[in-house]
Amino acid sequence: MLDKRRIYSVRWWNKKKLWVIVLFLSFFVFVRISKGSIYRDLYYFLSKPFWPGEFQQEILLKSYEQELYAKLTQLEKDNQRLRELLSLQRVTNEDRINASVISRQTSSWWNIVILNKGSRDGVEVGDIVVGPGGLIGIIDNISLLTSSVKLITSFDSQLGVWTQRGNIHGLLIGQGNESPLLTFYLKEIDVKVGDFVFSSPASTILPPNLPIGIIETVDKELGPAVVATVKLLADPQAIDWVQILKMRI
């Protein structure tokens, strides 16, 4: 009776041992086929409680923003030095005059606005006027206490601009409404709706790369060159305060 139990126990152990070997080999083959991905998944679950929380993410995000700001500041300084070497127009933070819109006539709504700063404040004809978002116009007349701004939506406004994505130059022409017309010099160009429009770096009237607007329509069949309409970033219907930029050569 005892011998039978021993024989049964040995057989049970041998069977169990065989299954252990089979399972081990199966696991080994699975790991081999999966190329170790099971270890990465296991590490994922084991390390999850130790991942950086929101506080660490905020620190990383702040560091990233500081890095971008430092790079942008350095690029602006390099750009200013290059423009000084090339004797191109430039503007600094010391060359800005804050002003408010004090008058605007219905008959010339898209043409002229009057500001509360004049020659007494250092304003001169030809100074650039920007508002929240981008370029608004150019000073075309001054008195001792006030100045008038010819808006870029005015019928007689024509400015050299370019698109940021493709660096394609064109002429921005006021139409007496909220959307100036942008005429390019070539027919076959890569211009799309949504492209940003800036003042041209080659302009002798404007400082370089002032934000102006976004292309909202493109017409390649209207004439010999591509024509687009531009949605201004500085909403001309809601102008209440501006900055006057003093130009330097």
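Data table
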{"read-out": "Around residue 122: net Lys/Arg minus Asp/Glu count, Cβ-Cβ under 10 Å", "value": "-1"}
{"read-out": "Over region 176-228 - Rg/Rh using Cα atoms and the Kirkwood inverse-distance radius", "value": "0.97"}
{"read-out": "Within-15-Å neighbourhood charge of residue 238 [Cβ basis; K, R +1; D, E -1]", "value": "-1"}
{"read-out": "Using a Förster distance of 35 Å, the FRET efficiency for residue 116-residue 65 (Cβ separation, nearest 0.05)", "value": "0.45"}
{"read-out": "Surrounding net charge for residue 154, when Lys and Arg each add one and Asp and Glu each subtract one, Cβ distance under 15 Å", "value": "-1"}
{"read-out": "Label-point separation in nm, residue 225 to residue 196, each point 7 Å along Cα→Cβ", "value": "2.4"}
{"read-out": "Backbone N under 15 Å from the residue 235 label point (7 Å along Cα→Cβ), restricted to region 160-189", "value": "178-179"}
{"read-out": "Length released on extending from residue 102 to residue 143, taking residue separation times 0.36 nm less the Cα-Cα span", "value": "13.4 nm"}
{"read-out": "Potential lengthening between residue 217 and residue 187 on full extension [0.36 nm per residue; Cα-Cα distance subtracted]", "value": "9.2 nm"}
{"read-out": "Relative contact order, percent, region 125-249 [alpha-carbon distance under 8 Å, six or more residues apart]", "value": "26"}
{"read-out": "Ranked packing of 100-111, 153-164, most packed first, by mean Cβ within 10 Å", "value": "153-164, 100-111"}
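Throughout, read-outs are computed from the coordinates displayed, never taken from laboratory work. The shown structure was predicted, so the numbers you read here are calculated from the model rather than taken from an experiment. Positions of Cβ are generated from backbone atoms using ideal geometry, with glycine treated the same way; all protein chains shown enter the neighbour counts.
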